[in-house]
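S.K.: One structure is given below, represented as structure tokens, and several questions about it will come after.
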Amino acid sequence: MKKEIKKNGIINIKHGDYEYPISLQLIKDGKKNKVLNKKIYQKLNVTMVHGDKDKSVPVSYSRKVLKIFKKSRKKLIIVKNGDHSLSSSKWLKILKKELKLIIS
């Protein structure tokens with residue numbers, strides 16, 4: 001995979017029901033930024049919405065992301081039977097509701 005990325009600059013990786021393009025630049029940015037190693041001390045409202053049937057990203061990743069926000073008000077919404085995309089009208093209503101709470 002490394003050889004293909006170096007040669008073509010990108011590779012498509014299938015995971016669960018989805019295919020993701022992984023570019024060399026994405027890998028370089030990930031190494032440089034290492035978001036999960038940082039701590040954020042600003043007082044923010046942080047909401048994550050995660051499907052409990054997500055085959056691509058485990059719920060534990062959302063929990064890890066929330067841990068970097070040390071002084072924030074955090075909320076994790078786990079959508080029952082929600083998949084990775086959370087794109088059904090039922091799930092989109094949940095997302096819209098949470099967005100309204102954030103921007104109002």
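S.K.: Only one of Ile78, Ile40, Ile94, Ile103 is touching a His at 6+ places or on another chain (Cβ under 7 Å) and hydrophobic (A, V, I, L, M, F, W, C). Can you tell me which?
M.R.: Ile78
S.K.: Which pairs have Cβ atoms under 6 Å, sit 6 or more apart or on different chains, and link a residue in the range 81-94 that is of a type in the set (S, T, N, Q) to one that is open to solvent by 50 Å² or more (accessible area, probe 1.4 Å)?
M.R.: Hits for this filter: Asn81/Lys53.
S.K.: Quick one: count up the residues across the range 26-51 that are among the polar types (S, T, N, Q) and surrounded by 11 or more Cβ atoms within 10 Å (Cβ to Cβ). Step through it out loud before you land on a result.
M.R.: Our first condition is that a residue be among the polar types (S, T, N, Q); within the range 26-51, this holds for 33, 37, 42, 45, 47.
Of the ones still in play, those that are also surrounded by 11 or more Cβ atoms within 10 Å (Cβ to Cβ) are 45, 47.
Qualifying residue count, the range 26-51: 2.
Condition check ((1) within 20 Å of Lys43 (Cβ to Cβ); (2) at pLDDT 95 or above) across all residues:
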{"site": "Leu66", "(1), (2)": "yes, yes"}
{"site": "Ile78", "(1), (2)": "no, yes"}
{"site": "His84", "(1), (2)": "no, no"}
{"site": "Ser88", "(1), (2)": "no, no"}
{"site": "Ile94", "(1), (2)": "no, no"}
{"site": "Lys97", "(1), (2)": "no, no"}
{"site": "Ile103", "(1), (2)": "yes, no"}
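S.K.: Suppose the filter is surrounded by 13 or more Cβ atoms within 10 Å (Cβ to Cβ), of a type in the set (A, V, I, L, M, F, W, C), touching a Ser or Thr at 6+ places or on another chain (Cβ under 7 Å) and not in a helix (DSSP H, G or I); does Leu86 pass it? Walk me through it before giving the result.
M.R.: Working: surrounded by 13 or more Cβ atoms within 10 Å (Cβ to Cβ): yes; of a type in the set (A, V, I, L, M, F, W, C): yes; touching a Ser or Thr at 6+ places or on another chain (Cβ under 7 Å): no; not in a helix (DSSP H, G or I): yes.
Taking the combined requirement at face value, the residue does not satisfy it.
S.K.: Against the condition among the basic types (Lys, Arg) and out of contact with any helix residue (DSSP H, G or I) (no Cβ under 8 Å at 6 or more places or on another chain), how does Lys64 come out, does it pass? Write out each step before concluding.
M.R.: Details: among the basic types (Lys, Arg): yes; out of contact with any helix residue (DSSP H, G or I) (no Cβ under 8 Å at 6 or more places or on another chain): no.
So Lys64 fails the test.
S.K.: Further question: Within the range 12-24, can one find any residue that is among the hydrophobic types (A, V, I, L, M, F, W, C), without any contact (Cβ under 8 Å) to a residue 60 or more places away in the chain, touching a Leu at 6+ places or on another chain (Cβ under 6 Å) and open to solvent by less than 80 Å² (accessible area, probe 1.4 Å)?
M.R.: Taking the range 12-24 and keeping what is among the hydrophobic types (A, V, I, L, M, F, W, C), we get 13, 22, 24.
This time we only want the ones that are without any contact (Cβ under 8 Å) to a residue 60 or more places away in the chain, so: 13, 22, 24.
Narrowing the set further to residues that are touching a Leu at 6+ places or on another chain (Cβ under 6 Å) leaves none.
The answer is no, given that none of the residues of the range 12-24 is among the hydrophobic types (A, V, I, L, M, F, W, C), without any contact (Cβ under 8 Å) to a residue 60 or more places away in the chain, touching a Leu at 6+ places or on another chain (Cβ under 6 Å) and open to solvent by less than 80 Å² (accessible area, probe 1.4 Å).
S.K.: How many residues are loosely packed, with under 14 Cβ neighbours inside 10 Å and within 11 Å of the chain's Cα centre (by Cα) if we restrict to the range 64-83?
M.R.: Of the residues in the range 64-83, 1 are loosely packed, with under 14 Cβ neighbours inside 10 Å and within 11 Å of the chain's Cα centre (by Cα).
S.K.: Please determine, by comparing only the residues of the range 60-83 that are out of contact with any Phe, Trp or Tyr (no Cβ under 9 Å at 6 or more places or on another chain) and part of a strand (DSSP E or B), which one is farthest from Tyr20 (Cα to Cα).
M.R.: Of everything passing the filter in the range 60-83, Arg73 is farthest from Tyr20 (Cα to Cα).
S.K.: Select from the range 1-59 the residues that are in a helix (DSSP H, G or I) and in contact with a Lys or Arg (Cβ under 8 Å, 6 or more places away or on another chain) and write down the one among them that is nearest to Ile103 (Cα to Cα).
M.R.: Only one residue fits best here, namely Leu36.
The values are calculated or read from the model by the stated rules, or taken from the named source; none is laboratory data. Because the structure is a prediction, the values reported are computed rather than measured. All Cβ positions, glycine included, derive from the backbone under ideal geometry; neighbour counts span all protein chains shown. Ligands, DNA and RNA are stripped out before the accessible areas are found, and what is left, the full protein with its side chains, is counted by its heavy atoms. Shrake-Rupley method; radii C 1.70, N 1.55, O 1.52, S 1.80 Å.
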